[in-house]
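Single-structure report; data block below.
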Amino acid sequence: MKSIRIILQFLKKHLTLTLLAPLCVIIEVTAELVQPKIMSEIVNRGVIGGETDIITALGLKMLIITLVGVCAGVFSIYAAGQVSYAFGADMRTKMFTRIQKFSFSNIDRLQTGSLITRITSDVTQVQNVIQASMRLLFRAPFMFIGAIVMVFMLDLKMAYILIIILPILLFTIIYILKKTFPLFTIVQQKMDKFNTVVQELLSGIRVVKAYVREQGERERFEASNEDYIASSLKVSKLIIIMMPAMSFIMNLGVVGVLWFGEYEVADGRLNVGDIMACTNYMTQILMSLMMAQRVIMSITQAEASMVRINEVLETECELDLQSTGVSVPEEGDLEFNNVSFRYEGSNKDQLSNISFNIKKGETLAILGSTGSGKSTLVNLIPRFYDVTEGSIKIGGKDIREIDRKSLQDSVGIVMQNTVLFSGSIADNMRMGKEDATEEEMIDALKKADIADFVLSLPDGLNHKIEQDATNISGGQRQRISIARTLISEPDILILDDSLSAVDLITESKIRKALNKLKMTKIIIAQRISSIKDANKILMIEDGKMLCYGSHDELYKTSAEYKEVYDSQVQSAEEGKL
Ligand SMILES: Nc1ncnc2c1ncn2[C@@H]1O[C@H](COP(=O)(O)OP(=O)(O)O)[C@@H](O)[C@H]1O
Ligand SMILES: [Mg+2]
């Protein structure tokens, strides 16, 4: 129902074309309905009655009516096309605008792959059905009723045959449709599953190749593909039976008309032309029923798509970019007060009771094993997710009160799985700062120790980065990402394991460059060498604080920290030997 409301709301915007399409359909159908009647007159009066001069006149009339009908038909197709394509474009724009406002937890819930299907094939599905329905929804019933009326007008006795045949036909259609509907839902589910499998296989294709798992994955693909085909075939079988069954019943009716008509004609109560017209009308009735069946089936399919589209349009974006007018305080500490966080749908806190305080310009290092919640913690600072309990403050202001634009401008984060966009290096740098000059870009690249590499490329800053940055190394990608964040000159810089793919010498160069910058820095790293000099070190395990303090303090007081430190220093020394 909601889907229909959305569609109607849209159609209101294209009222003229929406109304013209059915109007033209009615003209088209009227023309088709009149033709058998004229034909019967030509036969009755012209051919049998010998009024030969009437043939040309009636023939001409028929031609003109046909032309009018065809023109009306063409226009209705055009109008339906215009409206439905506009609908598709409008829906896609609306969905895209919505998705751009999605928070991280929205995206967690409606997966990227599923969003792609929704914005492409689901919209196309609905668009096609609107196009077809704008014609068939009017054409089918009008033709059905019109043809019945015409038969009644021809001869009442022949109409009795219809009265017997029609209920049988309708019963058959309803029976088969009832059987197919549940199957449709199954086909839709299998299709969704197939999409998921394909998406997974394609996005992981490199890993699959690396582990030489093509065979296994191929089997998975084929299983899902066959599953989908099997259920589609079941539906097709039922539909395939429906067509000949309906024709058979209708042809029985035609036989009835011919058999019954023979007596009537012999007795002189009926003309041959009327019998011809009657059989024509019966065909039209059959056609209208087939159309109706097609519309009903495609509307149910589109309904499923519309529900999926609605899910996107109606997702509450908890992090709507509303301006609060409060900007990030110039000076002040970054404070975590008893912060706890739980992912939506999870049954356990991922972070619990995290508290610390770092002064402006200081460096905080976060240490912890994989899965301990380091990325989760730093993602709370630019409000990718909101804290579940406690608060995060910058300069004493709760970040939830700060204008989101101002917050995100002042917090620069290089994420763990960082993404470079396909486009030139300069394009990527401009994502950090729209109006960045070439000097600014090179300066930022220098700080990330990647300027020499970029400038050594034949096309320098204009070097194209391919999709997924496949044409540069992991370490180069990390360094360009750091430069992209540095160029925006954030007040708080967060590096989430951003130097993991960089060699030790380069890392120490970058660290030196970063130390000269005045911004507050939060660094997640595995190597103790990158952490040791930080003003404060926070060690977390399983979402809880293990210890917090400077290197010297922790080395003395925390057994866990000492263990990590000693083991790394030791292995480094062994490496030297
Ligand atoms: N988007 C998410 N939705 C639900 N759970 C998540 C999400 N991201 C991470 N997690 C869970 O949170 C835990 C901590 O992850 P993360 O903060 O990435 O750890 P770290 O960065 O320390 O390796 C993991 O157990 C992971 O399963
Ligand atoms: Mg992480």
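The values are calculated or read from the model by the stated rules, or taken from the named source; none is laboratory data. Nothing here was measured: the structure is a model prediction, and the numbers come from that model. Please note: Cβ atoms are built from the backbone with ideal geometry, for glycine as well, and neighbour counts cover all protein chains shown.
Out of curiosity, is Ile176 among the β-branched types (Val, Ile, Thr), assigned to a helix (DSSP H, G or I) and within 20 Å of Ser231 (Cα to Cα)? Yes: the conditions hold for Ile176. Restricting attention to the range 531-547 and to residues that are more than 16 Å from ligand 1 (Cβ to nearest atom) and among the basic types (Lys, Arg), the residue that is surrounded by the most Cβ atoms within 10 Å (Cβ to Cβ) turns out to be Lys536. Within the range 480-497, residues that are over 15 Å from Asp449 (Cβ atoms) have Cβ atoms under 6 Å from residues that are within 16 Å of ligand 1 (Cβ to nearest atom) and of a type in the set (S, T, N, Q) in these pairs: Asp496/Ser375; Asp496/Gln416; Asp497/Gln416, counting only partners at least 6 apart in sequence or on another chain.
Just so you know, in the range 341-354 the residues that are buried (at least 18 other Cβ atoms within 10 Å of the Cβ) and more than 10 Å from ligand 1 (Cβ to nearest atom) include one that is nearest to Cys547 (Cα to Cα), and it is Ile354.
Of all residues in the range 89-107, those satisfying the criterion of being farther than 28 Å from Thr376 by Cβ and either among the basic types (Lys, Arg) or buried (at least 17 other Cβ atoms within 10 Å of the Cβ) (or both) are Met91, Arg92, Lys94, Met95. Restricting attention to the range 97-113, the residues being in contact (Cβ under 8 Å) with a residue 40 or more places away in the chain and within 16 Å of ligand 1 (Cβ to nearest atom) number 9.
In the range 499-515, what count of residues is obtained for those that are without any contact (Cβ under 8 Å) to a residue 12 or more places away in the chain and within 16 Å of Ala365 (Cβ to Cβ)? Qualifying residue count, the range 499-515: 1. If you go through the range 193-245 and keep only what is in contact with a Phe, Trp or Tyr (Cβ under 9 Å, 6 or more places away or on another chain) and under 30 Å from Thr172 (Cβ atoms), you end up with Asp227, Tyr228, Val235. Of the residues examined, Ala266 is one that is surrounded by fewer than 21 Cβ atoms within 10 Å (Cβ to Cβ), more than 18 Å from Met150 (Cα to Cα) and modelled with pLDDT under 90. Scanning the range 65-85 for residues that are touching a Lys or Arg at 6+ places or on another chain (Cβ under 8 Å) and either of a type in the set (Val, Ile, Thr) or over 30 Å from Gln35 (Cβ atoms) (or both) gives a single hit, Ile77. Within the range 345-386, the set of residues being of a type in the set (Phe, Trp, Tyr) and more than 14 Å from ligand 2 (Cβ to nearest atom) comprises Phe356 only. Note on the range 355-443: enclosed helices (runs of 4 or more DSSP H) holding 3 or more residues that are within 16 Å of ligand 1 (Cβ to nearest atom) and assigned by TED's automatic domain parsing to the domain that holds Ile480 are 374-379.
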